[in-house]
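First the structure, in the form of structure tokens, and then the observations on it.
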Amino acid sequence: MVVKMSMAEPLKKLVSCVILDLDGTLLNTDGIVCDVLRVYLGKYGKQWDGRELQKIVGKTPLEAATAVVEDYGLSCTTSELLSEINPMFSNQWCNIKALPGANRIIKHLSGHRVPIALASNSPRENIETKISFHQGWKESFLVIIGGDEVRSGKPSPEIFLEVAKRLNIEPSSCVVIEDSLPGVTAGKAAGMEVVAVPSLPKQSHLYTSADEVINSLLDLHPEKWGLPPFKDWIKDTLPIEPWQIGGPVIKGFGRGSKVLGIPTANLSSERYSALLSEHPSGVYFGWAGLPTRGVFKMVMSIGWNPYFNNTEKTIEPWLLHDFDEDFYGEELHLIIVGYIRPEANFPSLESLIEKIHEDRKIAEEALDLPMYSKFKDDPYLKCSA
């Protein structure tokens with residue numbers, strides 16, 4: 001087994017403690033929020049616009065509720081809204097999935113005895129309920145603080161300063177990992193280092209005050225902060241929990257073959273928007289099955305493709321095989337087994353094409369490893385429906 005060595009990047013700062021946010025950082029809460037608000041606003045004849053999410057991400061429940069009442073001109077009061085939607089949220093806590101990389105970072109840090117804490121604007125009771133559905137989480141955190149346990153929630157630094165106080169650690173020795181702007185603001189105001197993992201798409205440019213901005217928790221490199229490095233990268237790839245997606249091949253943007261010389265077999269992003277929302281944008285790889293043609297190695301991108309500035313999150317698989325004809329309409333099944341890199345923008349078309357071919361080489365070599373090649377025989381790749 002070949003382990004990827006840590007990248008030759010300068011050490012940012014030595015820290016001794018990691019403070020994590022919960023909603024949007026460790027848990028994929030945004031989908032639940034959208035579902036609940038869509039149902040609730042429907043009672044008032046209003047339609048939830050997901051773009052409004054950026055106004056409530058990272059806010060306290062009271063602030064978020066106030067924003068919804070005001071923006072949608074609701075006849076109810078903020079307290080009435082909260083009393084109605086809180087039970088709706090409570091019924092969904094068990095369905096919230098951990099974001100990719102969340103279990104990995106918690107297990108890694110606690111396994112190396114790095115002090116980790118949880119600081120969220122959510123009420124303490126809600127935090128306890130949410131994390132109870134994720135094995136090993138509660139006992140991993142040395143300190144857990146909710147927004148109802150401090151006078152002012154984020155963007156006030158109070159919650160982070162209270163964590164440092166309880167851990168008896170200097171604020172300057174802490175690194176905060178946050179998805180929201182209020183959280184980043186709070187961390188910096190507390191005198192801490194901050195890593196931003198924006199939960200909303202195309203918002204990275206707003207996080208200029210953060211010490212580092214990463215695409216997802218999969219891209220976190222603890223060694224930059226003097227913490228123990230991950231040792232699970234193998235030949236420039238990160239093994240992930242395999243997942244499946246499938247459907248008829250559709251015509252894409254017309255740029256795969258024409259612009260890039262790289263023919264992609266596209267799937268409908270509208271049909272799979274909920275599934276794609278669970279996975280960070282980036283470059284992945286795995287196996288592709290066409291029931292009438294066989295099983296092939298595959299590398300793919302998920303995201304907005306910054307070079308072409310997509311308006312929706314797409315999935316664009318590249319089957320690493322030369323086909324004699326198009327196969328639009330045929331059923332395509334994918335098993336995604338590993339991660340290569342985050343989505344990135346490129347200064348030129350040539351540099352984009354060069355990187356894509358580098359991704360292909362990495363995927364082709366990695367898929368020969370037993371840990372990845374074993375999925376080639378999965379029945380899902382060969383079924384016709």
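The values are calculated or read from the model by the stated rules, or taken from the named source; none is laboratory data. Values in this document were obtained by computation on a predicted structure and should not be read as measured data. No Cβ is skipped: glycine too gets one built from the backbone with ideal geometry, and neighbour counts run over all protein chains shown. All accessible areas refer to the heavy atoms of the entire protein, side chains included, with ligands and DNA or RNA removed. Shrake-Rupley method; radii C 1.70, N 1.55, O 1.52, S 1.80 Å.
Annotations
- Candidate set from region 344-371 (those that are outside any helix (DSSP H, G or I) and open to solvent by less than 50 Å² (accessible area, probe 1.4 Å)); member that is farthest from LEU218 (Cα to Cα): SER348
- Of all residues in region 157-187, those being open to solvent by 30 Å² or more (accessible area, probe 1.4 Å) and in a loop (DSSP other than H, G, I, E, B) number 4.
- Residues of region 112-157 that are more than 22 Å from ASN28 (Cα to Cα) and either touching a residue at least 12 places away in the same chain (Cβ under 8 Å) or touching a Leu at 6+ places or on another chain (Cβ under 9 Å) (or both): HIS112, VAL114, PRO115, LEU142, GLU149, VAL150, SER156, PRO157.
- Cβ pairs under 7 Å, 6+ apart, first in region 10-26 and farther than 14 Å from GLY146 by Cβ, second part of a loop (DSSP other than H, G, I, E, B) and small (Gly, Ala, Ser): LEU11/GLY226; LEU14/GLY226; VAL15/GLY226; GLY24/SER180; GLY24/SER199
- Test: residue in region 91-111 that is part of a loop (DSSP other than H, G, I, E, B), open to solvent by 50 Å² or more (accessible area, probe 1.4 Å) and in contact with a helix residue (DSSP H, G or I) (Cβ under 7 Å, 6 or more places away or on another chain): yes
- Which numbered condition ALA65 misses (of (1) open to solvent by 10 Å² or more (accessible area, probe 1.4 Å); (2) out of contact with any Phe, Trp or Tyr (no Cβ under 7 Å at 6 or more places or on another chain); (3) at pLDDT below 95): (1)
- When TYR40 is tested against (1) hydroxyl-bearing (Ser, Thr, Tyr); (2) open to solvent by 70 Å² or more (accessible area, probe 1.4 Å); (3) part of a helix (DSSP H, G or I), just one condition goes unmet, and that condition is (2).
- Within region 216-231, not a single residue is at pLDDT 95 or above, in a strand (DSSP E or B), within 23 Å of SER110 (Cα to Cα) and under 20 Å from the mean Cα position of the chain (by Cα).
- Qualifying residue in region 295-307 (condition: of a type in the set (D, E, K, R), farther than 30 Å from THR29 by Cα, open to solvent by less than 40 Å² (accessible area, probe 1.4 Å) and in contact (Cβ under 8 Å) with a residue 40 or more places away in the chain): no
- Residue in region 120-140 that is touching a strand residue (DSSP E or B) at 6+ places or on another chain (Cβ under 8 Å) and more than 27 Å from ASP35 (Cβ to Cβ) present: yes
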